[in-house]
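The values are calculated or read from the model by the stated rules, or taken from the named source; none is laboratory data. Just so it is clear, the structure is predicted and the values come from calculations on it, not from any experiment. Please note: Cβ atoms are built from the backbone with ideal geometry, for glycine as well, and neighbour counts cover all protein chains shown.
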Amino acid sequence: QAQLLQQKVLRWRQRLLPPALPLLSLRKTVTFDDLPVTTVYPALPSSLYDNLLWTNGHYLWATLTQFPTSGYPILLTSGNQTGWYQGNSMLTIQSITNCTTFTFNSVLMIAGWTATLTTSIIGYYNTTRLYNQTLTLTKTTKYLFTPNWSGINKITMFTAGTPTTDDVGIENLVITYS
């Protein structure tokens, strides 16, 4: 009888519930190359860029003559522009809604002007810290950070206790929406 009851419940559920759809995931790479060409290094033109909310995010044209001694030309992988955040100013990148989660797959990073610096990257779900990593970066070698942190909706990057010249370049930020 128990088996017969389970079959009835299953048929009842199948009539009431729509068939399950496969989960779609969207992998995206943020390159900063679709932004307007600039001869300065402004903040992003909007806090909403590439379907992500950005706080304290900037971009620059890394091949300009004013950057030859910086790490930015080394960081480039496509186009001429790269993102960056200022030392002692927290970069926040988050999904548009709190209920949308993603996997932080990877990002290329470099110290902008300082020979060596340390930066912290934290992954959150809403206000809960799920992941934390501290990296040492140089301005002579780009660093591929591949955390593959899943189930988050916010990333922060911060170079604490340093001068504002301890900028960090970012390129090819890869996330996959869940």
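Computed values, structure above
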{"read-out": "Matching residues, the stretch 108-124, being surrounded by fewer than 15 Cβ atoms within 10 Å (Cβ to Cβ) and either outside any strand (DSSP E or B) or modelled with pLDDT of 95 or more (or both)", "value": "Ala115, Ser120"}
{"read-out": "Selection count, the stretch 146-178, where residues are surrounded by fewer than 19 Cβ atoms within 10 Å (Cβ to Cβ), part of a strand (DSSP E or B) and not hydroxyl-bearing (Ser, Thr, Tyr)", "value": "2"}
{"read-out": "Neighbours by Cβ (under 6 Å, 6+ apart or cross-chain): first from the stretch 59-73, under 21 Å from Tyr49 (Cβ atoms); second β-branched (Val, Ile, Thr) and surrounded by 22 or more Cβ atoms within 10 Å (Cβ to Cβ)", "value": "Ala62/Thr82; Tyr72/Thr82"}
{"read-out": "Residues (of a type in the set (Ser, Thr, Tyr), under 10 Å from Gly169 (Cα atoms) and touching a helix residue (DSSP H, G or I) at 6+ places or on another chain (Cβ under 8 Å)) located in the stretch 53-95", "value": "Thr82"}
{"read-out": "Subset of the stretch 75-94 [at pLDDT 90 or above and either of a type in the set (Phe, Trp, Tyr) or buried (at least 19 other Cβ atoms within 10 Å of the Cβ) (or both)]", "value": "Leu75, Leu76, Gln81, Thr82, Gly83, Trp84, Tyr85, Gln86, Leu91, Thr92, Ile93, Gln94"}
{"read-out": "Unmet criterion (only one of (1) modelled with pLDDT of 75 or more; (2) over 15 Å from Glu171 (Cβ atoms); (3) surrounded by fewer than 17 Cβ atoms within 10 Å (Cβ to Cβ)) for Phe102", "value": "(3)"}
{"read-out": "Filtered residues of the stretch 159-178 (kept if closer than 20 Å to Ser89 by Cα and at pLDDT 95 or above)", "value": "Val168, Gly169, Ile170, Glu171, Leu173"}
{"read-out": "Members of the stretch 28-52 found to be small (Gly, Ala, Ser) and touching a residue at least 12 places away in the same chain (Cβ under 8 Å), listed by number", "value": "Ala43"}
{"read-out": "Positions within the stretch 125-134 being surrounded by 15 or more Cβ atoms within 10 Å (Cβ to Cβ) and either closer than 28 Å to Trp61 by Cα or among the basic types (Lys, Arg) (or both), in sequence order", "value": "none"}
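Matching residues to (1) under 19 Å from Tyr177 (Cβ atoms); (2) of a type in the set (Lys, Arg); (3) in contact with a His (Cβ under 7 Å, 6 or more places away or on another chain):
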position	(1), (2), (3)
Leu108	no, no, no
Ala111	no, no, no
Thr116	no, no, no
Ser120	no, no, no
Tyr131	yes, no, no
Thr136	no, no, no
Lys139	no, yes, no
Thr146	yes, no, no
Lys154	yes, yes, no
